Structures are given as C-alpha cells and as structure tokens.
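Mind having a look at this structure? Questions to follow.
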Ligand SMILES: *Cc1c(COP(=O)(O)O)cnc(C)c1O
C-alpha cells in the first residue's frame, strides 16, 4: 500500500499533485512519500513484534537519503551499513551507534577503525582474515569489537543472479562447513567478542522457502557452535524480502515472514536481528519523468523519456520491471517501448509494454522506485545527478539537490602538462 494515488485524474504524492513538483524542481526527480515510508517501517516492525527480542537495522544501501534515514531513526530503526560513507550518514541521521551493523566483504582498515571509534553495535565479519585484522585494530585502541560471523549457507535464493548472495560461488560470508572452526578461532582473539552468526542470501526474494532453508541451516550451525562451548547471543537474519513491482504480483507479507521466522527460531534464545532494505523503501518512491518525444519505430513506437539508466539503473542492471503510469492519463492505452536518452541500448525501461497513452511533454512515473533507485544514480553521459523530493501531507521539500553537470565539470582539472 502506498500514498501515490489519482485525485481528479491527476497522480498525487499524498496531497501534492506531481505536476506541481515537476514545475518547481524539474524532471527527472525522485519523489518519496513520508507516510508510505512510515507505514512500511511500522508494518514490518509490528509484524516482528511476535518475536521475543528483535533489533532492526535498515539496509542503508537501498536508500541512503538523509531525510529517509531520519524518518527511520524516529521509528526506532538502526542501520546496516556497508561503507564508512553509509556509517557517517546513519550517524548524521541520529541513529544510535549501538544500533549500527557494519556488513560487507571489503571493509578497509580505516573503515574498521572509524567504526570502532564510533562505537557501532556489531561487525558482520565476512572472513577469518577480516576478523584477525579487526582484532588487531581493536587491541591497538583498547577496544572490543562485537562481532557476528557471516555464513554463506549455500542456498539458492531464487532471485536474479546479480542479487543472489548466498550460494557457495558468491563472494559473501565464510563457507558453511568451515564456519564453526573460524568462529572458534576468532572467539579466542583478544579484541573481539564473537556473539553470533549472520546471513543474507539475496535480494528481491519472491518466496520464503529459501530463507527458511537458510535460517534452518544456520540454526543447526549455531547449536554446533554452542555445543563446542562458545557463546551465541545474536543471530542476524539479514534482509531480502521482495516487493511486487508489477501490479497484481503477490509477495510474502511481513506477517507471513515473521510467522516463518518464529517457527524456525523457536527455542534459539537469542536477539534476532534483521536488515530489511527494499521492503521498507521500495514502495516509498516514484521516479517522475517527462516524455521528450514519441518516435516511430520498426515495431512499437519509442517513448523517449527524460529519465535514463543513470537515474534508475535497475532495468539495465537486473532486467527489472517498473510499472509506468501517466500522471494525467486520458484513458487510452498504447503499446510502446520506453527508453531514456542515453547512448546505450541497455537504456531501456520496457519493451512492447501496454501503457497509458502518452505524448510529448506528458508527465509519467516509474513506480516502486524508492529502493536501489537514486542511490545507484550516476552522471553517465554528463547528465545531472538526479534530485530527490520528500512529500509529507501537503508539504514537500527537496531532500537532495540536482547536481548540475556544470558543477561536476567544475571539479575536473586540466593538468599543467597538457597546457
Ligand atoms: C543489500 C543487503 C541487505 C538488504 O537487502 P534487501 O533485499 O534490500 O532487503 C541486507 N543485508 C545485507 C548484508 C545486504 O548486503
């Protein structure tokens, strides 16, 4: 459920008509609904309230906008960060350091040192090597790093290959059959406090059974590690719950997810940690765009919009589907290909799609663009960096400026040796 709806034939974000935002800010622009964000944060949190002890760390990479993080901090969310840049954002948004989890396969020495100084709650270690390096840094600082070991459960998440992370051939975590030995080794390191296991098998999961299989496997591993005399107090079950991108698609509801988790983790006696991203932010945003022109094609006509793959990379990267809708539809339909202006054939949002009829100058949106949208934007083809707006009832604000290509050009230098 979201708060993007038609009133008097015009698509609104909450109480703000989208043409007003297009006039004021220009296009393309991401538009977020605060009410939708809050609603999703609460539905997910409330669903998990059937579990005994829960911590939720929002996956910042799905939408790192400062205003978005502020809303989630106020809802009691911590943060799952994968770089020092994301760590600084989470802190800037007022998230408690204790609620911050640091994930990622390539944490640098400097990043780990900064995170220790900030007093973050947990490092999710992805290798023995990383754990040993962190132990050294912690000892030098006279600190203790609280850690979970990320396990690769070798489960097929059944999602797109580029967002699968829990198969043995993926770079993430330590191999399942070596995890107990690595845990024991790291637990003996001064400077580290091993407190649990972590996993994250992929994103945009359409079914719960791969998650259930993975949780069951790490549950068994947890029992082995305890039987060997080690302490396990926290289990981080990652993120990955998918959202429907196509009207009519059915995805697992947070309540079904929570019921499955409750069943699998009964008797674990741990704090359960979660790292949701897309399920919180996906529906929270749309990408508002204007049709530059409609060009005749060999087959269906080409609708050329002013948003492109640099603004919304998911279709080019993952063959992802985003519903497309006119802001002021006239009721007619057409079959068209939707593309951006970038000089790449992968700059294609849809082929032979049945859409609202649009013409030059019309406004339209790509829906469900709140997750992995603006955060993946680039300035490819020397385009501007796409701006972001947040709507709250009848109020709105620019929460990320459009960065003009002239500003980016001004940061470049011609060296003396070329003069
Ligand atoms: C990306 C990521 C997430 C969030 O995934 P979603 O599919 O957006 O829920 C959680 N944890 C880790 C370690 C990640 O890399």
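Bear in mind that the values in this text are calculations on the coordinates, not laboratory data. Just so we're clear, the structure is a prediction, and the values are computed from it rather than from any experiment. Here the Cβ is made from the backbone with ideal geometry for all residues, glycine too, and neighbour counts use every protein chain on show.
Once you have the Cα-Cα distance between residue 271 and residue 1, take 0.36 nm times their residue separation minus that, and quote the gain in nm to one decimal.
Here the answer is 94.3 nm.
Among 265, 407, which comes first, then next, by fewest other beta-carbon atoms within 10 Å?
Fewest-to-most Cβ neighbours within 10 Å comes out as 407, 265.
Turning to a different aspect of this structure: For the range 34-281, what is the convex hull (Cα atoms) projected area averaged across all directions, in square nanometres?
Over all viewing directions, the range 34-281 projects a mean Cα-hull area of 12.2 nm².
Helix 209-227 sits at what angle to the longest principal axis of the chain, using alpha carbons and giving 0 to 90 degrees rounded to 10?
So the helix axis and the longest Cα principal axis differ by about 20 degrees.
Can you tell me the 0 to 90 degree angle between the C-alpha axis of helix 109-118 and the longest principal axis of the chain, rounded to 10?
That works out to roughly 80 degrees.
Tell me, in nm to one decimal, what length is gained between residue 335 and residue 256 on full extension, where the rule is 0.36 nm per residue of separation less the Cα-Cα distance?
My answer for the length gained is 24.8 nm.
Any chance you could give the angle, 0 to 90 degrees and rounded to 10, that helix 34-48 forms with the longest Cα principal axis of the chain?
30
Separate question: Quick one: which of 382-393, 248-259 comes out on top by average Cβ neighbours within 10 Å, and what's the full order, highest first?
In descending order of packing, they fall as 382-393, 248-259.
Per the helix-only calculation at 222 nm, which mean residue ellipticity applies to the chain, given -39500 (n - 2.57) for every DSSP H run of n ≥ 4 and division by its residues, nearest 500 deg cm²/dmol?
-8500 deg cm²/dmol
Additional query: Which percent, nearest 5, of DSSP beta bridges in the chain are antiparallel?
Once the DSSP bridges in the chain are tallied, antiparallel ones form about 50 percent.
Calculate, in nm to one decimal, what residue 88 and residue 167 gain on full extension: separation in residues at 0.36 nm each, minus their alpha carbon distance.
The residue 88-residue 167 span can extend by a further 25.4 nm.
If you don't mind, another one. Go through 276-284, 363-371 and give me the packing order, highest mean Cβ count within 10 Å leading.
276-284, 363-371
Quickly rank 285-295, 157-167 as a protection proxy: mean count of other C-beta atoms within 10 Å, highest first.
285-295, 157-167
Determine, for 102, 324, 349, the number of other Cβ atoms within 10 Å of each Cβ, and report the residues in order from fewest to most.
Going from sparsest to densest Cβ surroundings: 324, 349, 102.
Starting from the 7 Å offset along Cα-to-Cβ, what nm value, one decimal, do you get for the label separation of residue 382 and residue 140?
4.3
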